[in-house]
Every structure is written in C-alpha cells, then in structure tokens.
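Single-structure report; data block below.
The values are calculated or read from the model by the stated rules, or taken from the named source; none is laboratory data. Just so it is clear, the model here is predicted, and its values are computed rather than measured. No Cβ is skipped: glycine too gets one built from the backbone with ideal geometry, and neighbour counts run over all protein chains shown. Calculation scope for accessible area: heavy atoms of the full protein, side chains included, ligands and nucleic acids excluded. Shrake-Rupley method; radii C 1.70, N 1.55, O 1.52, S 1.80 Å.
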Amino acid sequence: MTGLSDAVARLRLCLALILLLSPVPLAAQDASFAPGWQIDAQSSQLRFQSVKNVTKVESSTFAAFSGTLEADGTLSMRVFLDSVDTRIDLRNVRMRFLLFETFRFPDAVITARINPADLADLPKLRRKTLRLAYTLDLHGVQKQLETDVAVTLVDDATVVVSSTVPVVIATDDFGLAEGVQKLQEAANVVIIPSGTVSFDLTLKRNGGAAAAPAPAPAAETPAVEAPVATATPETPAAPAVTALEPSGDLDLAACKGRFEILSRSGNINFPSGSARLQADSSALLDSVADIVARCPGLKIEVSGHTDADGTPSANQYLSQQRAKAVVRYLVKKGLAAGRFTAIGYGEDKPLFANDTAEHKSRNRRIEFALVQP
C-alpha cells in the first residue's frame, strides 16, 4: 500500500505542476483575465455604415485604434477619428472637419467592465454571447449603451470579440446633428441622422502572441497602405491599412477641396462686435496652418462675413478686421504674410436669409479660397 500511496502522491504532484505551468486561459479558475490582454489592430476591424439619399449605404472603417482588457475585467478602447477611411480623400477630410471635428475631439473612447465569471465556461464552449454594457465617449458626450457581443476563444492566447448585430449610433445623441447638416450641404445629399457600427476585435494575451496597438495618427497623415508586418514584442506593427491621404505637398485639387471644407467648418469665433479671436479658435486654425504649409506657392484669400445686424459700413469694417486677425494668427505660425489676402465682405454674401438666429449665426463666418493666378 505504501508503494501505491507514493505513486498517487507523485501523480498528484505531476498534475499540479502541469496546471501551474500551463498557459492561463481566458477566465481561469481565479476569475480574472490575468495577465491582461491587448487589441491586435493588425487582425481587427472596426466598420461603420451610413445611409444617404434614403437608399445608398456607404461603409467606412477606422484604421487606427487600440485597447486593453485588464486582469480585473476593465475593457478600454480608443478610436483615433483622424483615421476615418471612406476610400475617398476629400470625403475623409469632410468627415474629420465637418462631422467629427477631430481638431477638437481627436478620439472616441469605449469603456466597459466584464465579469470574468461570465466567461468561466468559455474554454469548454469556445464561443458564447454576452450582453455588454459600455460607455461611449464621443464628441464630448458620454452615453451608457448596451449591445450583444460574441466571444470566441481561438486558443489560449487569442480571443475574438465580435458584434452580433450592428450597433446603432444616433447622431443627435452625441451632438453631431450640426455636423451632419454641414456634410449634407457640402456633398448636396440627404443623410440619415444615425449610423451603425460593427466590429471584429482580436485580443492577444500579454506574454503570448504579440499584440500591437495602433498609434494615434497625426492630422493629414500619409495616404499609403502600410505593409502587413509580423509583430514582435520589440517591434510594434503598424496598422494594416491607413486612411487615404496624400503624403507631402498637396496638389491643386486637394488644396482647393480642403479650403472649401474648412470654410464650412465654423469653429473660428469672435466676441459679438469684436475682431478678437477667441481661444477656442486655435484648434481649427492650427489645422488650417498645417494645410496651408502643404500647399506651397499658392495664395489664399481669407474673407470675413457678417449677418445683417448693424449698418453695412460697420459690418464691412468688422468683417475686414476679423479676416486680418485670422491672417495674423497664421503668420505667427510661421507662414509668409505675402501668401494671404484679407478681405471683408460684410453682409453682402449671406448663405441664408437673415431671418433667424441660426441663419444669422451661419452667415457670420470666415472663408478660405485659393487666389487664382
């Protein structure tokens, strides 16, 4: 019996060592996601769909995002909105400046808390559906939302989290209604005021297969398709696809299109009756300066416009001074003063009738245009 007892003891010891040394699967018996997971942007997709003119569905992607799942079940994900990719350069620019206003709100953040016990049976089932409550922080607004997600255990180091149905995002809920209106006017289309988001996110276990979170893209980043790289812990991989964006200097059509979009964006503000730029104008004007720098040799007209309140002569003077204030700001950013012409049109070129407060607000604006040689 002693020999049998010794054999049983040795067997138990071997089993304990095997369990101790084996890779920790998702939601192990300690009810944690230790040692933590990362979203692998290389093998993940984040898509959104919108509808214009009633029936035309357009599908776009975000090329750059990153995220983590901590040992305690805290999930966080950042979507870099400058990486929006509609496959058309100027449409990307419209989305960035008119809808998302990425110069003010560069990313969207999703946070959630997953109970590890809810996935304790995943190693056995391999795939299951969860009801996920999460917080979406978009365009300066936070909302509590819920959706169903499918969780698939590929192996001990890889999990895929997918949407089971598209997630509906109402633009009014996140202060995007004005941006939708600007898009409609710029593209001369009617846009349904909501969009749907779908995703397939691959999570890699820390210490297992390498995961490479996508870096935040700079504004106006090169429009190239990056090669698919093999990730290693020492060499983070770039996103497999980046938004279409010309590199280096912009051609004439790209410059013209961007200045037309910038003219519709708003976000250049002055106190009532004043030509002093408000501090919240800097975010957009810095983007304007970057685009002007990428349009070398071209001259730009900066024009000021007012509503019809006050006398025509006062409005013309005020609009001229506001245009000059914008030029002074851009010159301070290192651009040559000789590239700009400041003109005030006063109330002479309204976009709308000066019959409502909203229309008057839209008529008070700064526009940018290329000066024809």
Legend entry - Every pair of residues 6+ apart whose Cβ atoms lie under 6 Å, when the first sits in the stretch 266-277 and is closer than 13 Å to N363 by Cα while the second is open to solvent by less than 40 Å² (accessible area, probe 1.4 Å) and among the hydroxyl-bearing types (S, T, Y): I268/S281; N269/S281
Legend entry - Given (1) at pLDDT 95 or above; (2) surrounded by fewer than 18 Cβ atoms within 10 Å (Cβ to Cβ), number of the condition F80 does not satisfy: (2)
Legend entry - Filtered residue count, the stretch 286-302, keeping only those that are surrounded by 19 or more Cβ atoms within 10 Å (Cβ to Cβ) and either free of Cβ contacts under 8 Å to residues at least 12 places away in the same chain or under 18 Å from K182 (Cβ atoms) (or both): 3
Inset, instruction - Output yes when any residue across the stretch 303-321 is within 33 Å of the chain's Cα centre (by Cα) and open to solvent by 60 Å² or more (accessible area, probe 1.4 Å), and no when none is. - result: no
Legend entry - Checking R258 against (1) of a type in the set (D, E, K, R); (2) open to solvent by less than 40 Å² (accessible area, probe 1.4 Å); (3) more than 20 Å from M95 (Cβ to Cβ), the condition it does not meet: (3)
Inset, instruction - Scan the stretch 299-339 for residues that are farther than 26 Å from H359 by Cα and at pLDDT below 95 and report the count. - result: 0
Inset, instruction - Check the stretch 221-234 and report whether any residue there is open to solvent by less than 40 Å² (accessible area, probe 1.4 Å), touching a helix residue (DSSP H, G or I) at 6+ places or on another chain (Cβ under 6 Å), at pLDDT below 95 and assigned to a loop (DSSP other than H, G, I, E, B). - result: no
Inset, instruction - Being among the basic types (K, R) and in contact with a Lys or Arg (Cβ under 9 Å, 6 or more places away or on another chain) is the filter here, so list the residues in the stretch 82-127 that pass it. - result: R94
Inset, instruction - Evaluate the following for T135: is it within 17 Å of V109 (Cβ to Cβ) and either modelled with pLDDT of 95 or more or under 16 Å from the mean Cα position of the chain (by Cα) (or both)? - result: yes
Legend entry - Residue list for the stretch 198-209, filter: open to solvent by less than 30 Å² (accessible area, probe 1.4 Å) and either more than 16 Å from the chain's Cα centre (by Cα) or at pLDDT below 95 (or both): L201, T202, L203
Inset, instruction - Please go through the stretch 46-89 and pick out each residue that is acidic (D, E) and outside any loop (DSSP other than H, G, I, E, B). - result: E58, D82, D85, D89
